[in-house]
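Right, one structure below, let's go through it.
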Amino acid sequence: MMPNDATPSKPPSGIRLRGAALTMLPFTVAAVVCTVVYLALRERLPDPVAIHFGSSGEADDFSGRGTVPWVLLAVNLGLGVLFSVMTYLSAMPARAQRTMVAAGFAVAGLLGHLFTAVLFANADVADARAVTLPMDQLAIALGVALVAGAAGWALASLGTPPEPEPAKEPGPARRLPLAEGETASWSRVTASPALPVIGAALLLAGLVLALLELWAAALPLLLSAVLLFAFSGVRVTADRRGVVLSLTLVPGLRRTITLSRIERAVNRPVSCFAEFGGWGYRVRPGRSGVVLRSGDALALQLGSGREFVVTVDDAATAAALLNTLIDRRGRPGEH
Amino acid sequence: MLFRVDPNSTLPLGDQIAASVRGAIADGDVHTGERLPAARELADSLGVNVHTVLRGYQRLREEGLIELRRGRGAVVTGSADPAERARLVEGAHRLIADARALGLSDDEILALVRTGLAGD
């Protein structure tokens with residue numbers, strides 16, 4: 001276990017704070033906008049206010065006018081804190097933060113629009129039961145969410161290092177020069193740019209359904225979103241044991257391809273859809289692997305004749321190390 | 001990133017692990033905010049004692065290159081430019097190694113640095 005070291009005098013890493021701040025920003029804006037709109041419309045709102053609408057657009061749930069601004073503030077800031085804490089704790093590099101930030105912007109955009117639409121729908125109506133909110137407001141809110149998400153992505157992209165160059169052709173089965181008795185371990189985290197986006201989309205959809213109180217449909221979507229976020233980062237380690245894959249968020253879950261099963265390792269470019277039919281843990285005739293993006297990948301040729309592939313940057317170094325360790329394994333007297 | 005340890009080298013294993021991380025930071029193989037492998041994992045991976053890895057990580061923490069957080073593990077810090085800082089630390093180690101090879105005591109090395117600081 002890591003030593004208990006709180007380092008209270010050291011400021012947190014700038015990148016993690018930046019990610020947390022960027023995800024908090026849209027929710028803060030939504031909170032401010034909702035509060036300002038409420039204050040501007042307050043005299044014109046009925047008491048109680050209509051806060052929920054059925055599929056026909058008619059009001060079916062109400063709340064005291066005085067509690068409304070506090071509830072809106074709590075939801076906006078509460079979600080903001082939730083998102084920014086998740087971003088901070090995940091300690092993702094700047095490039096990977098973009099998805100979380102975009103998701104935060106999208107959710108804040110959706111809710112901010114819906115909340116202000118409800119306030120405006122209530123304005124200048126004497127009795128809250130007569131207030132209506134047509135379904136197309138939901139469609140508009142989704143549009144706002146998309147635009148806000150794109151804006152969040154663009155904002156989070158500023159100042160991030162560029163993508164590394166992908167490998168153009170399969171490399172040869174290289175070796176890493178290791179001295180007698182020297183050993184080495186190669187480790188990298190590979191993150192999926194796609195799975196968190198799908199996770200964010202499912203989260204949005206789940207939230208929309210939850211707002212409509214269709215809990216039976218909302219719950220599985222929200223759970224799937226959580227699962228996708230959990231699987232979006234994988235740590236790949238190449239060493240004397242072979243290749244070890246573990247989830248960054250659930251380190252106990254891992255898969256090891258032992259060195260004895262590997263004949264040869266190379267790096268080669270991989271196309272997720274063309275070769276594997278999609279993202280994630282994929283199985284195909286003759287090959288399987290953890291494919292989180294297209295591009296550079298570590299390809300293991302197994303003794304069984306199958307190929308196991310992991311998409312990860314700097315796969316060439318991993319392959320070279322594995323081949324050197326495999327050579328050693330074959331020599332008499334080596335373990 | 002690549003960790004290399006050679007039990008036949010005169011440099012202690014913990015220091016070799018720290019040097020691997022410094023090299024990776026200097027080369028840009030690992031960026032600010034990225035997490036290093038958990039100490040127990042790295043120890044298992046290299047076939048060394050977990051305390052050896054912890055010594056290496058503590059050293060990096062003292063040098064300001066990583067933060068150690070309970071439950072989160074070792075994370076590369078954003079303080080200053082980590083690559084430049086790593087190169088600076090390597091430079092300091094070379095100075096110390098050269099000075100010791102010439103027979104300077106620790107106090108004499110410190111006096112050397114203070115004279116340099118006072119002079120600028």
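Every number in this text was worked out from the coordinates using simple rules, so none of it is lab data. Computed from a predicted model, the values in this text were never measured in an experiment. For neighbour counting, all protein chains shown are included, and Cβ atoms are generated from backbone atoms with ideal geometry for every residue, glycine included.
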Once you sort the root eigenvalues of the Cα gyration tensor of the protein assembly as shown as a ≥ b ≥ c, which label holds: rounded (a/c under 1.5), prolate (a/b larger than b/c) or oblate (the other case)? oblate
Counting only other chains, what is the mean number of Cβ atoms within 10 angstrom of the Cβ of each residue in peptide A:184-193? 5
Translational diffusion coefficient, Stokes-Einstein: compute it for the stretch A:204-253 using the Kirkwood radius over C-alpha pairs as Rh, at 4 °C and 1.567 mPa s, and state it as an integer in µm² s⁻¹. 101
Could you grab the relative contact order for chain A? Cα pairs under 8 Å, six or more apart, rounded to a whole percent. 15
Could you give P(r) for the stretch B:17-72, binned at 10 Å from zero, as whole percent values over all Cα-Cα pairs? 23, 59, 18
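Given only helices, namely DSSP H runs of n ≥ 4 each adding -39500 (n - 2.57), what is the per-residue ellipticity at 222 nm of chain A, to the nearest 500 deg cm²/dmol? Can you show the working numbers first?
Working: 7 runs with 151 residues, N = 335.
Computed mean residue ellipticity for chain A: -15500 deg cm²/dmol.
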Take the alpha-carbon positions of the stretch A:227-269, form their convex hull, and give its projected area averaged over all directions (one quarter of the hull surface) in nm². 3.9
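Counting other Cβ atoms within 10 Å, which GluC sites (Glu not before Pro) in the stretch A:179-273 have at most 10 and lie in a DSSP loop? Mind showing how you got there, number by number?
Working: sites: A:180, A:182, A:213, A:263; in loops: A:180, A:182, A:213.
Counting only loop positions with at most 10 other Cβ atoms within 10 Å, the GluC sites (Glu not before Pro) in the stretch A:179-273 are A:180.
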What the Cα atoms of the stretch A:288-329 span along the principal axes, largest first and in whole Å, is 32, 24, 9
Given bins 5 angstrom wide, list per bin the percent of all Cα-Cα distances in chain B, short to long. 2, 11, 19, 21, 18, 13, 9, 5, 1, 0
Exposure proxy ranking, count of Cβ atoms within 10 Å, fewest first, for A:246, B:9: B:9, A:246
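Over chain B, calculate the relative contact order: mean separation of alpha carbon pairs under 8 Å at least 6 apart, over the residue count, as a percent.
On the way: 124 pairs, mean separation 29.2, N = 120.
Over chain B, the number comes to 24 percent.
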Could you give the spread of the C-alpha atoms of the stretch A:46-119 along their three principal axes, from largest to smallest, in whole angstroms? 48, 26, 14
Whole-Å semi-axes of the ellipsoid equivalent to the stretch A:199-295 (Cα gyration tensor, √5λ, descending): 34, 16, 10
Over the Cα atoms of the stretch A:14-80, Rg to Rh with Kirkwood Rh, two decimal places? 1.12
Residue by residue through the stretch A:32-45, what is 3J(HN,Hα) from phi via Karplus (6.51 cos²θ - 1.76 cosθ + 1.60, θ = phi - 60°)? Round to whole Hz and write x for glycine and proline. 5, 4, 4, 5, 4, 4, 4, 4, 5, 9, 3, 5, 9, 8
Explain nothing, just compute: Karplus ³J(HN,Hα) = 6.51 cos²θ - 1.76 cosθ + 1.60, θ = phi - 60°, for every residue of the stretch B:25-31 in order, whole Hz, x for Gly and Pro. 5, 4, 7, x, 6, 9, 9
So what's the projected area for the stretch A:102-216, the Cα convex hull averaged over all directions, in nm²? 13.6
Quick one: which residues, 5 or more positions from residue A:270 or on another chain, have an amide H under 5 Å from its amide H? H modelled 1.01 Å from N in the peptide plane, none for Pro or chain starts. A:295, A:296, A:297
Output the Cα-based Rg and Dmax of the stretch B:75-117 in Å, rounding Rg to one decimal and Dmax to a whole number. 13.0, 37
Phi-derived 3J(HN,Hα) across the stretch B:87-98 with the Karplus relation (6.51, -1.76, 1.60, θ = phi - 60°), rounded Hz, x for Gly and Pro, is 5, 4, 4, 4, x, 4, 5, 5, 4, 5, 4, 4
For the residue pair residue B:8 and residue B:118, what label-to-label distance in nm results when each label sits 7 Å from Cα along the Cα-to-beta-carbon direction? 4.7
Check residue B:34: other-chain or 5+ apart residues with amide H under 5 Å from its amide H, H built from backbone geometry? B:76
Using amide H atoms built in the peptide plane, which far-off residues or other-chain residues are under 5 Å from residue A:51 H to H? A:61, A:62, A:63
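Based on the alpha-carbon gyration tensor of the stretch B:45-96 and its eigenvalue square roots a ≥ b ≥ c, which shape applies: rounded if a/c is under 1.5, prolate if not and a/b is larger than b/c, or oblate?
Oblate is the answer for the stretch B:45-96, as a/c is 1.5 or above yet b/c matches or exceeds a/b.
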